[in-house]
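Computed from the coordinates by the stated procedures, all read-outs in this text should not be read as laboratory data. Every value quoted in this text rests on a predicted model; they were computed, and no experiment measured them. Positions of Cβ are backbone-derived with ideal geometry, glycine not excepted, and every protein chain shown enters the neighbour counts.
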Amino acid sequence: MLEPQTRLQIAKNVAAKVIDGEAVVLNLVNGMYYSTDGVGADAWGLLDRVPTIAEIVDAIVARYAVPHAEARADLEALVGELLQENLVVVAPVGNSTGADPEESPPHKARYQRPVLNSYRDMGDLLAVDPPMPDLEDLSWKESDS
Amino acid sequence: MNEHGRSGARPVVDRHATFEGHGTFGVMVSAFERALVRHPRGLRESFYTFGGRTVRLRVVGEDMAAQIVRPFAHLRLTSAPDAAAELTIDLWDEQATGIRRQVTSFDSDRPWPSVVALSADERYVAQQQSQTLTCLDRVAQRVVGCAVWNEHISVYERGKPMTRPLVVWHNDRDVQIVHAGLVAQGGAGVLFAGRSGAGKSTCALACLAAGFDYVSEDYVAVETAADGFLGHSVYSSVFLDREHLGRFPHLVRHAITAGASEKSLVLLGDVDPRRLARIVPIRAVAFPRVANLSASRIRPASRREALLTLAPGSLLALPNTGVGALDLLGRLVERLPSYWLELGRDLKTIPERVSEIIADASLPPA
């Protein structure tokens, strides 16, 4: 179980863009890509600040009409998936850029449990060069002089 | 988590091996210089514009010199430029010159179609294919390479030489290479993006046949400009399988096959060089997809749909340059209109719909 004070940051070799309320996230190492919208996109957007899990929960609760416990459970599950997929990592102490607590808007948005969508069809997309076999057992060979 | 795509499938990604870049590059340069000394009459020098920058190409070996430039012929400068080249490419033909590459290489007994290697400091990028080896020094802005140029060279090496070094070089200049097609009409370009097999090549070639200006069907170098985005051509070559050639029978007589390759190479400079464009402004993005229709049709795509469709296919560069690519693509879909282009069986309707996209994209926003 993740501690509320666990601080998170976006993993190296991950590229992401949030557009019109949807976050598109790409793992540049393994070619997997992901999307999440609504609450999930908002949570992703907070990661630039290197927040704690508690800070993410508080920010979501400030924006959406949801009980704190429900938001915490859902966001901890989302964070668990992000960690498992190597999209975020636990940040070293002192990495936070800091942010003031959010003020709630006059009308909170309707809450929906965040869902992370993953896509495994990158192999079809990277057909730029001729298909490449696995490189794991690549070995060197001295050429003829 | 919701999973989409082949369950348990492992994506094929742009993974690379490592190699000792500085030493390898130095040995290659020495070998090129020996080839030049031994065969001075075999040197052919020419200049090109890649990504809007001047590139100098020197090849030792007459036959290789005549053939390897054909995919770039439309980018050739007619006279030596006044300004210094921003990239120098030095190549030699091992067979014609008798000068071997003399570097450690990947296990050539394996049937590796293409291996990419990166030095530990990421300064050097090498690509080895069945009969060619090229290496880029990103600091010196120089490519040095060699090939055994004979009848056994693959259509990939012949049609799109030096792929990885050129991708990295473009990206280093913030001219991001993306996996897309690009055609233009009246100076307005439409970028075809999406998965392999979605129909990008079909759209680009159908438009070319209808008189559009043609930039690419698979690689476009995208650059941010003051008033939008520019698409630069890289190669004028296409690889077509039998099905594609059946759809474009006028290309059959230009098809080059080699060995057991499943695809044929067509150098479009042989087909209609007047229609090959070096650079066009991009005014819209279209996502082809095959539909059970007689005639093609278009409908607007949301920016969310556009980014999710466009972004994954942009990862052509080595790791840590994908961040820049995604940022550029995000700006592209934020600023340009996007459309689904549902492809019908009548290919002639594709350019008709693309013309409609151009007309629609030129309208002021509501």
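Beyond 37 Å, what percent of the Cα pairs of the protein assembly as shown remain?
Working: 44440 of 130305 pairs.
Across the protein assembly as shown, Cα pairs with separations above 37 Å total 34 percent.
With θ set to phi - 60°, apply the Karplus curve 6.51 cos²θ - 1.76 cosθ + 1.60 along region A:52-68 and write out the HN-Hα couplings as whole Hz, x wherever there is a Gly or Pro.
Couplings: 7, 4, 4, 5, 5, 4, 4, 5, 5, 5, 5, 9, 10, 7, 8, x, 4 Hz.
Quick one: 3J(HN,Hα) in Hz for region B:200-208, Karplus 6.51/-1.76/1.60 with θ = phi - 60°, rounded, Gly and Pro as x.
After applying 6.51 cos²θ - 1.76 cosθ + 1.60, I find 4, 5, 4, 5, 5, 6, 5, 5, 4 Hz.
Which longest uninterrupted range of chain B lacks any GluC sites (Glu not before Pro) assigned by DSSP to a loop state (not H, G, I, E or B) and surrounded by at most 13 other Cβ atoms within 10 Å? Walk me through the intermediate numbers first.
Numbers: sites that count: B:E151, B:E262.
It works out to B:1-150.
Lys/Arg Cβ at +1, Asp/Glu Cβ at -1, dipole of the protein assembly as shown taken about the Cα centre: which of B:A221, B:H22, B:L36 is farthest positive-ward?
Most positive-ward Cα: B:L36.
What lysines sit close enough to B:K348 to cross-link, taking a C-alpha to C-alpha distance under 22 Å and skipping anything fewer than 8 places away on the same chain?
B:K200
What ranking of B:V55, B:V252 emerges when the number of other C-beta atoms within 10 Å of each C-beta is taken as an exposure proxy, fewest first?
Fewest to most other Cβ atoms nearby, the residues stand as B:V252, B:V55.
Give the longest segment of chain B that steers clear of trypsin sites (Lys or Arg not before Pro) in DSSP loops with at most 12 neighbouring Cβ atoms within 10 Å, not counting the sites themselves.
B:7-344
Return an integer: the convex hull volume of the alpha-carbon atoms of chain B, in Å³ per residue. Mind dumping the intermediate values first?
Details: hull volume 57.5 nm³, N = 366.
With only Cα atoms used, chain B gives 157 Å³ per residue.
If I fit a long axis through the Cα atoms of helix B:349-361 and take the longest principal axis of the Cα atoms of chain B, what angle between them do I get, 0 to 90°, rounded to 10?
Helix B:349-361 sits at roughly 80 degrees to that axis.
In whole Hz, what ³J(HN,Hα) sequence does region B:184-194 give by Karplus (6.51, -1.76, 1.60; θ = phi - 60°), x for Gly and Pro?
8, 9, x, x, 10, x, 10, 8, 9, 10, x
With charges set only on the Cβ (+1 for Lys and Arg, -1 for Asp and Glu), what does the dipole of the protein assembly as shown come to about its Cα centre, in debye to the nearest 20?
Values: 53 positive and 63 negative charges, 281 e Å.
Dipole magnitude for the protein assembly as shown comes out near 1340 debye.
Picking from B:V167, B:A120, B:P337, whose Cα lies most toward the positive end of the charge dipole for chain B (charges on Cβ: Lys, Arg +1; Asp, Glu -1)?
Towards the positive end, the residue furthest out is B:P337.
If eta is 1.567 mPa s and T is 4 °C, what Stokes-Einstein diffusion coefficient results for region B:47-203, Kirkwood Rh from Cα pairs, in µm²/s?
76
Report relative contact order for region B:204-300 in percent, whole number only (criteria: Cα-Cα under 8 Å, sequence separation at least 6). Walk me through the numbers before you get to the answer.
Details: 119 pairs, mean separation 27.7, N = 97.
It comes to 29 percent, rounded to a whole number.
Out of the DSSP beta bridges found with both residues in region B:176-361, what percent are antiparallel (nearest 5)? Could you put the intermediate results ahead of the total?
Working: 32 of 43 bridges.
About 75 percent, rounded to the nearest 5.
Using a 10 Å cut-off around each Cβ, can you sort B:V183, B:V175 from fewest to most neighbouring Cβ atoms?
Placing the least packed residue first, the sequence is B:V175, B:V183.
What does the helix-only formula give at 222 nm for the protein assembly as shown: each DSSP H stretch with n ≥ 4 adding -39500 (n - 2.57), the total divided by the residues, and the result rounded to the nearest 500 deg cm²/dmol?
Using -39500 (n - 2.57) per qualifying helix, the result is -7500 deg cm²/dmol.
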